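One structure is given below, encoded as structure tokens.
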Amino acid sequence: MIEVQNPAPASLPPRDCLLEELWRVGDDEGAPDYFGVVVDAAMDAAGDVYFLDSQRVQVMRYSAGGEYLGAIGREGEGPGEFRYPVAVFVMPDGRIGVLQWRPPRALLFAPEGTPAGEIPLPAPEDGGFPFVYDADVRANTLLLNGMTSQRETLGFARTHHLALLSLDGKHPPVDVVDWSYHVRPRVPIDEIDRYHLWALLPDGRLAVAEDFDYRLRLWRADGSLERVITADYPDLPRSEDEMAQARSYYLSGRRDHSLDDEMQVETREPGVRRLQVDGAGRLWVLSGRGARAASASSLGVFDVFDGEGRLHWRVRLLGDGDPERDLYLVVGDRLFVLKEFTAARVSQRGGDAAALEGEDSAAPMSVVCYRLPELEP
């Protein structure tokens, strides 16, 4: 196992990169491709883009130039139908995969929308109720983010896992990361139990951020630990307002959130706020400080590592995006900004998006497609 210790990101002056906007879609409620709640995106070898809308329960397909090409799937239990979709991905042969939360299924479609099979998912060995939350595919490796829930006398025992599955049979399924906690009445939920970020690299390796420290672990496709990547990053304290905002987001949509301490939030910002990987295998990290550096003209400051975990670039991306309101997704050489994602997600859960945002109303979701800047040494 290799340890890669990087200097403080702040020691590397950020370079300003003006993002090239390619297109915008989704905010016209009168159009057939208006968005409900877009939660994921994928792109195929031809450059076509697939947005998963969990509210409309379908995948919206767009050309590389932003032209709407139609929808894939619909809500139901018959052929070509699914419920509770949580992730979309592209298989090595070009088929489009949709992950269903429960019961866990990974359905496959031709790009035109024709049903094209299903990936068999492993069942939990110790029983319980299985759920899946996210997935991706790279280089014949399927990453599955799932959870099993076991009923106890006073609640539930939950075990989350990140599992790597070899689509070509070269390696047996392996849980590279797992963590457990208990859910019981009047026992606060710990924010750290809800925090795990990951990104699947083009060669099938998996990068994971497991706690609020600025640290990544990089796993090979066979499940062995390859390296640990760290940086000199002092903790960034949260204000009382920031802690209240974090608590409000986590409790949104819960049936009983009458106790202020039901959610135990951290007193510091996570070192890694967002973790993404581009088509060249570079890791894009938006740290707590990088997110705070966002402005009306900037999405924030990103720390960019090569595939070996060395910090080479810090870039301030200039464009339309707010890390508190929007979701950033790096896919290939594209950056998608899912506008008003936070409010849409809270509303979908049954929470009060207006109260969370501090505004009377929120704009409908839309997506901005940018080209990622070219990074030279």
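Assorted remarks:
- C-alpha center-to-center spacing [the stretch 282-296, the stretch 14-86] in angstrom: 25 Å
- Sequence-distant residues sharing a close amide H with His171 (under 5 Å, placed H): Ser166
- Per-residue Cβ neighbour counts within 10 Å put Leu143, Leu22 in the sequence Leu22, Leu143, beginning with the fewest.
- Using only the C-alpha atoms, the convex hull of the chain corresponds to 144 Å³ per residue.
- Between Glu125 and Arg194, the modelled label-to-label distance comes to 3.1 nm, taking each label 7 Å out from Cα in the direction of the beta carbon.
- From helices alone, the chain scores -2000 deg cm²/dmol at 222 nm; the rule is -39500 (n - 2.57) for each run of n ≥ 4 DSSP H residues, then divide by the residue total.
- Comparing Ser239, Ser149, Ser298 in a Gaussian network model of the chain where C-alpha atoms under 10 Å apart are linked, the largest mean-square fluctuation is found at Ser239.
- Selected from Asp322, Asp211, Asp16 as most flexible by GNM, with the chain as the system and alpha-carbon contacts under 10 Å: Asp16
- Label-point separation, Met1 to Asp232 (7 Å along Cα→Cβ), nm: 2.4 nm
- On full extension, the segment bounded by Asp333 and Asp175 gains 54.0 nm, given 0.36 nm per residue less the C-alpha separation.
- Applying 1/(1 + (r/R0)^6) with r as the Cβ-Cβ distance of Arg186 and Ser239 and R0 = 35 angstrom yields a FRET efficiency of 0.85.
- Here's the picture: charge each Lys and Arg Cβ at +1 and each Asp and Glu Cβ at -1 in the stretch 1-87, and of Ala10, Gly66, Gly26 the one pushed furthest to the positive end of that dipole is Ala10.
- Mean-square fluctuations from a GNM of the chain, with a 10 angstrom spring cutoff on Cα atoms, peak among Pro202, Pro111, Pro103 at Pro103.
- Spin-label pair Arg371/Glu112, simplified geometry with 7 Å Cα→Cβ offset, distance in nm: 3.1 nm
- One decimal place: the segment Asp203-Arg151 gains 14.9 nm when fully extended, by the rule 0.36 nm per residue minus the C-alpha distance.
- Taking the inverse of the mean 1/r over every pair of distinct Cα atoms in the stretch 196-249 gives a Kirkwood hydrodynamic radius of 13.1 Å.
Bear in mind these aren't lab numbers, they're just calculated from the coordinates by the rules spelled out. Since the structure is predicted, the reported quantities are computational estimates derived from the model, not experimental observations. Cβ coordinates were reconstructed from backbone atoms using ideal geometry, including for glycine residues, and neighbour counts include every protein chain displayed.
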